1. What base-10 log of the normalised intensity I(q)/I(0) is obtained for the range 133-255 from the Debye formula, alpha carbons as equal point scatterers, at q = 0.10 Å⁻¹?
2. Hey, can you list the DSSP H helices of the chain whose Cα span along the axis is 24 Å or longer and whose average Kyte-Doolittle score is at least -1.0?
3. Distance in nm between label sites at Arg150 and Arg215, each 7 Å beyond Cα in the beta-carbon direction?
4. At a temperature of 10 °C and a viscosity of 1.306 mPa s, determine how fast the chain diffuses translationally according to Stokes-Einstein, using the Kirkwood radius over alpha-carbon pairs as Rh; express D in µm²/s, rounded to the nearest whole number.
5. Okay, helix-only estimate at 222 nm for the chain: each DSSP H run of n ≥ 4 adds -39500 (n - 2.57), divide by all residues, round to 500 deg cm²/dmol; what do you get?
6. Could you check how many percent of all C-alpha pairs in the range 26-184 are farther apart than 23 Å?
7. Using the heavy atoms of the protein chains and a 1.4 angstrom probe, tell me the accessible area per residue for the chain in square angstrom.
8. When we measure straight from the Cα of Lys61, which lysines land under 29 angstrom away, once same-chain ones fewer than 8 places off are left out?
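The values are calculated or read from the model by the stated rules, or taken from the named source; none is laboratory data. Since this is a predicted model, take the numbers as computed values, not measurements. Don't worry about glycine lacking a Cβ; one is built from the backbone with ideal geometry, like all the others, and counts go over all protein chains shown. The area values use the complete protein model at the heavy-atom level, side chains included, leaving out ligands, DNA and RNA. Shrake-Rupley method; radii C 1.70, N 1.55, O 1.52, S 1.80 Å.
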Amino acid sequence: MVHRKPRVEMRSSLVHAELERIAENIPLLDEVELPLKLALHRLHFLSWQERLLILENIHYKEDFLSLGLAEIESFLYRSIRAREPDMARIWEQAERDAEQLVRMGAKFVCVTDKEYPPLLREIHRAPFGLFVRGDSRCLGLQAVTMVGTRMPTWAGVRAAVHLAREAADAGLCVVSGLARGIDAAAHRGALQSAGKATIAVLPCGLDSVYPPSNRPLAAGIIAAGGCLVTEYPPGVSLDRYRFPERNRILAGFSRLTLVIEAPEHSGALITAEFALNEGRDVAVAAECSGSSRNAGADALSKEGACQVRSGAEIIAIMSGSGAWDWANGRSGIIGRD
């Protein structure tokens with residue numbers, strides 16, 4: 001008797017093969033007009049691989065405007081649970097995005113571009129593109145992500161500045177979220193280095209800086225050759241759910257996420273969890289061990305996170321040689337295969 005695969009299983013295998021093909025052979029989109037890229041970026045219910053698969057079938061504004069869910073499903077070999085998108089409205093928004101980028105002197109770095117951070121492309125739900133203000137060349141630098149509480153102790157601030165400066169001195173680009181507290185201290189530490197490149201990942205559009213009190217810091221980051229980055233188009237305002245969305249990008253930039261100081265339930269721990277789930281490494285700052293604002297990072301240390309004291313130890317971890325945990329008498333880092 002001949003056994004046939006169920007139609008759904010065959011369809012699933014087909015789309016998986018197509019998406020694998022896209023991921024392994026990323027096409028160049030230099031000839032694709034910017035509004036079309038920006039319009040596809042607004043189709044949030046699709047992965048970046050699926051959007052590239054659609055771009056193999058459409059090339060012009062008219063193609064995009066004629067798209068509906070049925071056509072998208074036919075390209076992707078799967079059903080989509082989403083409301084029918086208003087393509088004309090999305091295209092108008094994309095054209096406004098393009099105009100706003102010109103006015104701000106910003107750019108859109110698509111997942112296919114050489115400037116797109118290579119490690120970020122590897123994560124689950126990688127952004128189709130990034131809106132960048134500043135020098136986008138620093139997106140390709142080897143980076144370390146530093147995160148922590150918005151209400152740190154003085155020890156936490158000192159540790160963030162010290163470790164960020166030494167990491168930047170060693171040639172690493174410091175990535176953080178521009179938030180008050182540890183994030184801001186990490187950016188300032190990087191700016192004290194001769195290297196100075198630091199990247200701030202925002203939870204809103206580039207036309208806003210959150211928190212507003214850190215606008216001078218954001219300007220300093222750009223002036224020093226760093227950049228502001230977000231996956232959100234201009235005009236997208238702050239919302240609570242955007243913070244964990246932003247945190248996956250923070251973790252995605254780097255092989256190592258360093259939690260400087262974090263209490264229980266800190267958003268920094270969400271970033272650490274994203275890093276671990278992506279098979280990246282997580283370490284903590286030794287200087288903050290046992291502080292009143294560090295219960296979350298202390299818990300990571302008890303689970304095996306290495307305590308680091310210097311930029312040299314950060315480099316050692318990222319080179320794969322590990323670093324000695326003097327406090328606990330062992331070497332290693334938290335990581336998941």
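1. -0.25
2. 7-24, 87-104
3. 1.9 nm
4. Numbers: Rh = 20.9 Å.
Result for D is 76 µm²/s.
5. Details: 14 runs with 142 residues, N = 337.
Dividing the helical sum by the residues of the chain leaves -12500 deg cm²/dmol.
6. Here the tail beyond 23 Å accounts for 50 percent of pairs.
7. Each residue of the chain exposes 47 Å² on average to a 1.4 Å probe.
8. Cross-link targets: Lys37, Lys107, Lys114.
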